[in-house]
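The values are calculated or read from the model by the stated rules, or taken from the named source; none is laboratory data. Since the structure is predicted, the reported quantities are computational estimates derived from the model, not experimental observations. Here the Cβ is made from the backbone with ideal geometry for all residues, glycine too, and neighbour counts use every protein chain on show.
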Amino acid sequence: MTRLTITLRDEDQHFIDSALKSGRYHTESEAVADAIAELRAREELHQARLKDLQEKVSIGITQLDQGQGSAWDANAVKVKGQALIASRIKP
């Protein structure tokens, strides 16, 4: 196991102290280990999404190179986007 000295912002230390007092964690190391696990999971998800996006872009470029592209209307895209946004806004 590696020992590491870190500097925390006061609000982060208070957050860890609160987590310890609540009984959620028994030690500061447990709390930090959980935070690192969350960070690792978030990074893995980010990398998976990035890879998926890169694959889709690559497919699109290949399709364009093969002449499989089609014309599109920027105004139609704008109208569709505005309708989508309007449908998500609750009065």
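In this entry, V32 passes the filter for residues that are part of a helix (DSSP H, G or I), within 21 Å of the chain's Cα centre (by Cα) and either modelled with pLDDT of 95 or more or of a type in the set (A, V, I, L, M) (or both). Determine whether the stretch 37-58 contains at least one residue that is surrounded by 10 or more Cβ atoms within 10 Å (Cβ to Cβ), within 23 Å of L4 (Cβ to Cβ) and polar (S, T, N, Q). Among the residues of the stretch 37-58, not one is surrounded by 10 or more Cβ atoms within 10 Å (Cβ to Cβ), within 23 Å of L4 (Cβ to Cβ) and polar (S, T, N, Q), which makes the answer no.
Within the stretch 61-79, the set of residues being surrounded by 10 or more Cβ atoms within 10 Å (Cβ to Cβ) and assigned to a helix (DSSP H, G or I) comprises I61, T62, Q63, L64, V77, K78, V79. Evaluation of S58 against the conditions (1) outside any helix (DSSP H, G or I); (2) at pLDDT 95 or above shows that the sole unmet condition is (1).
Of these, I16, I89, which one is loosely packed, with under 10 Cβ neighbours inside 10 Å and either in contact (Cβ under 8 Å) with a residue 12 or more places away in the chain or under 24 Å from the mean Cα position of the chain (by Cα) (or both)? When all the criteria are applied, what remains is I89. Step by step: first the residues of the stretch 22-36, then only those that are charged (D, E, K, R) and surrounded by 14 or more Cβ atoms within 10 Å (Cβ to Cβ), then the one that is nearest to D12 (Cα to Cα). Which residue is that? Out of the qualifying residues, it is E28.
Applying the set (1) over 30 Å from T5 (Cβ atoms); (2) outside any helix (DSSP H, G or I); (3) of a type in the set (D, E, K, R) to R24 leaves exactly one unmet item: (1).
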